[in-house]
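For reference, the structure is listed below as structure tokens.
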Amino acid sequence: MGFETPITIEKVIQGIQENKYVLPAIQREFVWDAEQIEKLFDSLMRGYPIGSFLFWKIEPDHLKDFQFYRFMDRFHERDYRHNEPIELVGGNSVTAVLDGQQRLTALNIGLKGWYANKMPYYRWNSDYAFPEKRLYLNLLNPPDENGNAYEFKMLQDKEVTNIEGKKYWFRVSEIFKFKELQDAMYYCIENGLTADKRTFPSSALMELYRIIKEKPLINYFLEESQDLDKVLNIFIRVNSGGTVLSYSDMLLSIATAAWKKIDARKAIYDLVEDLNDIGEKFTLSKDFVLKACLVLCDIPAIEFRVSNFTRENMEKIENYWESISKALNETVKLISSWGYSWQTLVSAYAIIPLAYYIHKQGSPSNFISSNKYAEDRTLMRKWLQIALLKRTFSGTPDNVLRPVRKVIQENLNSFPFNAILEELKGTTRSMQFDAAELDGLMSYRYEQPYTFSVLTFLYPWLKYDQQFHVDHIFPRAMFTTKELRKHNIPQENWHLWLDHYNDLGNLQLLQGPVNIAKSDEPLDSWIYKEYPTPEKLAVYKELHFIPDCSLKFEDFPTFLEEREKIIRTKLANVLDVHLSE
């Protein structure tokens, strides 16, 4: 890629009119207002540089791989804001504009079309609110040092009123009628603009002729590579301009262009909002939805590459969109029913295999509640817990999604928990724990996102749709120097309390109302009041792994040590970890 020989504005505008210059689907729409168009022409007349352009030469064989759009030569703020798609056929290459769309569209509108923005005080449904305006140049307004040197103005034709000695409006598009530079001079003479030896009208009109028809002002780079991903990365780099452009934003534009019956952008953004509004809320993204689309539709290559976002694949996603939407909705509702939220779902991609399985079951609306899927739900929940804690989908999740999808494809009678673990066994994505990793689980603390998943292994019986809180068994409000002094604990031992009250051994899952009622009451008084009989107390201790030791605040370090032993043994059993004696 390098600088090519500059060309004139006339040549590029002619190419735009003949659809030799087009816009790829990744380009955003035209956003300039009328004043910006006027200022661009003023800058050209003053000799200011308007920047270079980046063009992409597309060979005929690749025209079918991408959706392209015509440049606008008219803009209507209500009725015509979108570029028209164009089907490119034939044996000729075309040039797509990667950088410079706004400037070239402004030139095209100013030289070949019109601009209609809403007038103040009119209703949006009124056609009178959007009068067509064309670009004019006042040939009787000489340059000054303030503001625009030349008076370009978007005007309605009926607004064009010439005032002797002050205003003479020349429609800029008329410059194309001049065949030679002298025609500009003849025009001024014929229209009485050279009276009193005025020179500005003719010099201005001749300069307009030069910048449009003679001066090679369009400096551009030409990219000739047919590697779509390389081109897309170039586009992102040159168009970022302080705003981070996402690769998936570009891919979403491709999907939007390819879908025939559904507005892909609206559908995907609406789905993201719906998913994130479930339960205690989530922070899923369009990247997640796009990746899920590739996986759920059994598209072989699931990487975020342009070559995977072909028209054929996008049409397949559109055809399956209803089932995809249902599967993702059901999946997020399912994990919400297990107590997960934006705070604890540490990897969104980890739930895509769950959605894939639900999709393959036909996206049933009763998947969460039906006894038919009870065993599936149990296996899926345990698999998700392990996947999150093992960080199975960190790094390059595609390398996990592909083999997991294949296993599910081959095992649709029930969720293949064991088969997936066996498939990943011995790889860097193994889902099996050893003793050292088990010790790592024991190190999680309060308010760490992985802590919830560890605790859920201990509470498989909870109904999480009743809203459970991660609770301190010994209330954290008690862990103050004041309380330590009150209980006559030697200062050199304070760290055994102050450094460990957030440890896993002091955490439990409690139903929200119970946790609120418990508040900051000391454990040894709350527990006997809440569970007054030996039978009730025994049930609570068993369910929450409370050791048979003193529950007094003074004995917190002993309680913590004993409870962590019980938790470690429980986790080892659940995760099939062999503990040495």
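The values are calculated or read from the model by the stated rules, or taken from the named source; none is laboratory data. Keep in mind that this is a model prediction, so the values were computed, not measured. All Cβ positions, glycine included, derive from the backbone under ideal geometry; neighbour counts span all protein chains shown. What goes into the accessible areas is simple: the full protein's heavy atoms, side chains included, and nothing from ligands, DNA or RNA. Shrake-Rupley method; radii C 1.70, N 1.55, O 1.52, S 1.80 Å.
Given R₀ = 41 Å, what would the calculated FRET efficiency be for Thr558 paired with Gln511, taking r from the Cβ atoms and rounding to 0.05?
0.90
Kindly report the accessible area of region 23-81 per residue (heavy atoms of protein chains, probe 1.4 Å, no ligands, DNA or RNA), in Å².
Accessible surface, normalised per residue, equals 44 Å².
Given R₀ = 25 Å, what would the calculated FRET efficiency be for Leu537 paired with Lys570, taking r from the Cβ atoms and rounding to 0.05?
0.80
Tell me the relative contact order for the chain as a rounded percent, counting alpha carbon contacts under 8 Å between residues six or more apart.
Over the chain, the number comes to 11 percent.
Angle between the Cα long axis of helix 264-276 and the longest principal axis of the chain, 0 to 90 degrees, nearest 10?
Rounded to the nearest ten degrees, it is 30.
Near the amide H of Val94, under 5 Å away, which other amide H atoms are found, from residues 5 or more places off or on another chain, if H is placed in the peptide plane?
Ile58
If I compute solvent accessible area with a 1.4 Å probe over the protein chains, what percent of it on the chain is carbon and sulfur?
47
For region 106-187, what relative contact order do you get, as a whole percent, if you take Cα pairs closer than 8 Å and at least 6 residues apart?
Computed over region 106-187, the figure is 27 percent.
What 222 nm value per residue comes from the helices of the chain, counting each DSSP H run with n ≥ 4 as -39,500 (n - 2.57) and dividing by all residues, nearest 500 deg cm²/dmol?
-12500 deg cm²/dmol
Within straight cross-link reach of Lys197, meaning Cα distance under 16 Å, which lysines are found once same-chain residues fewer than 8 apart are removed?
Lys166
How much FRET efficiency would the formula 1/(1 + (r/R0)^6) give for Ala374 and Ser341, where r is the Cβ-Cβ distance and R0 is 25 Å, rounded to 0.05?
0.60
For region 357-436, what is the accessible area per residue in Å² when the probe is 1.4 Å?
48
Which entries of Lys20/Lys286; Lys360/Lys382; Lys11/Lys153; Lys118/Lys316 show an alpha-carbon separation above 29 angstrom in the structure shown?
Result: Lys20/Lys286; Lys118/Lys316 exceed 29 Å.
Give the long-range amide H neighbours of Tyr136: residues separated by 5 or more places, or on another chain, with amide H under 5 Å away, using H modelled in the peptide plane at 1.01 Å from N.
Sorted by chain and number, the residues that satisfy this are Lys153, Met154, Leu155, Val172.
Any chance you could run the full-extension gain for Gln432 through Val31? It's 0.36 nm times the residue separation minus the Cα-Cα distance, nm to one decimal.
The span from Gln432 to Val31 would gain 139.0 nm if fully extended.
Once both axes come from the Cα atoms, what is the angle between helix 286-296 and the longest principal axis of the chain, in degrees from 0 to 90, rounded to 10?
Helix 286-296 and the main axis of the chain meet at about 70 degrees.
What residues from region 284-319 fall in the zone where the backbone N is under 14 Å from a label point 7 Å along the Cα-to-C-beta line of Asp274?
Answer for this model: 289.
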